[in-house]
Amino acid sequence: MPQPTSQPTQPRLKIKEMPSTERPRERLRLLGAQALSTTELLATLLGSGHRGGSALQCAQQLFAQSGGSLGRLAAVPFAALTRTRGVGTARAAAVQAALELGRRMAGEAREAGQPLRGPRDVAAVYAPRLQDAPVEEFHVAILDAQHRLERDVMVTRGLLNSSLVHPREVFREAIAERAAAVILVHNHPSGDPTPSAEDRAVTEQLVAAGRLLDIPVHDHVIVGRGRYVSFAEAGLL
């Protein structure tokens, strides 16, 4: 009795072999970027694939390796991105640049001039930019007399310690802008916003400096992944 033969595996089409209306770039042109899936958008960034795999397959692999999360993909180091087959330095740079633009746009979503009345407002402005950042960033939110955000200043990027976050650097721009008050903001790349001993020491130092300069520190908000800790709410100021 003849054995059933297995069906031959159908080769996956390269993007250029797809009908034009199914190609990511063509779909974006016709329907707009919002109509594309995340992997299709990544594929348009990559531009092309590699021998044996299309840009769409390469994008699917890249996204899957990040657990299907753009936030986690944004936190992947540059060198790690290039270990994905088909992703060289130019393509890794394009992916990181696009994700950073998205993060910055999210940070601009708040209407200009809307006051920061409490830590929830602060988190709404800063969490989209900071919660998935791969290293710590220390920011100063400069406020006017109506608690409106006049300017955001990034003081340092890297490990937070009292030698890097010096009152001189923190308050220089606040003095120049004639700030009514400031709010300190930084992130914990671990995702856990629980204040460390160093966080508390830095905050104590800056609050004391603000008193001397007559520029009060209204809060220090630590951003984690999906949550935050407010020194003011926790009674730590």
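The values are calculated or read from the model by the stated rules, or taken from the named source; none is laboratory data. Nothing here was measured: the structure is a model prediction, and the numbers come from that model. All Cβ positions, glycine included, derive from the backbone under ideal geometry; neighbour counts span all protein chains shown. Note: areas computed on protein heavy atoms with side chains; ligands, DNA, RNA excluded. Shrake-Rupley method; radii C 1.70, N 1.55, O 1.52, S 1.80 Å.
Roughly speaking, to the nearest percent, how much of segment 91-232's 1.4 Å accessible area is carbon and sulfur? All intermediate terms of the calculation are to be shown ahead of the outcome.
Details: 3550 of 7030 Å².
After summing per-atom areas, the C and S share lands at 51 percent.
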> In terms of modelled amide H atoms, which long-range or inter-chain residues lie less than 5 Å from the amide H of Asn187?
Replying inline: Glu137, Val223
> Rounded to the nearest 20 Debye, what is the dipole magnitude of segment 19-159 about its Cα centre when Lys and Arg each give +1 and Asp and Glu each give -1 at the C-beta?
Replying inline: 460 debye
> Between Ala197 and Ser37, what is the label-to-label distance in nm when each label sits 7 Å out along the Cα-to-Cβ direction?
Replying inline: 5.0 nm
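Would you mind working out the accessible area per residue for segment 137-237, using a 1.4 Å probe, and quoting it in Å²?
Numbers: 4970 Å² over 101 residues.
I get 49 Å² per residue for this part.
At a Förster distance of 45 Å, what's the computed FRET efficiency of Ala176 paired with Glu26, Cβ-Cβ distance as r, to 0.05?
After rounding, the FRET efficiency stands at 0.35.
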> Under a 5 Å amide H to amide H cut-off, with H placed in plane at 1.01 Å, what residues pair with Arg151 once short-range neighbours are removed?
Replying inline: Ile142
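Full-extension gain between Ser48 and Ala93, please, as 0.36 nm times their residue separation minus the C-alpha to C-alpha distance.
Working: separation 45, 0.36 × 45 = 16.20 nm, distance 1.46 nm.
Between Ser48 and Ala93, full extension yields an extra 14.7 nm.
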> Between His166 and Asp152, what is the label-to-label distance in nm when each label sits 7 Å out along the Cα-to-Cβ direction?
Replying inline: 2.6 nm
> Out of Thr84, Leu99, Leu73, whose Cα points farthest toward the positive end of the dipole of segment 27-133 (charges: +1 Lys, Arg; -1 Asp, Glu; placed on Cβ)?
Replying inline: Thr84
>> Please list, in order along segment 69-82, the HN-Hα scalar couplings obtained from phi with the Karplus expression 6.51 cos²θ - 1.76 cosθ + 1.60 (θ = phi - 60°), rounded to whole Hz, x for Gly and Pro.
In response: 10, 5, x, 5, 5, 5, 8, 6, x, 3, 4, 5, 4, 6
>> Can you list residues from other chains, or at least 5 along the same chain, whose modelled amide H is less than 5 Å from the amide H of His220?
In response: Leu184, Phe231, Ala232
> Contour minus end-to-end for Ala124 and Ala232, with contour as 0.36 nm per residue of separation and end-to-end as the Cα-Cα distance?
Replying inline: 37.2 nm
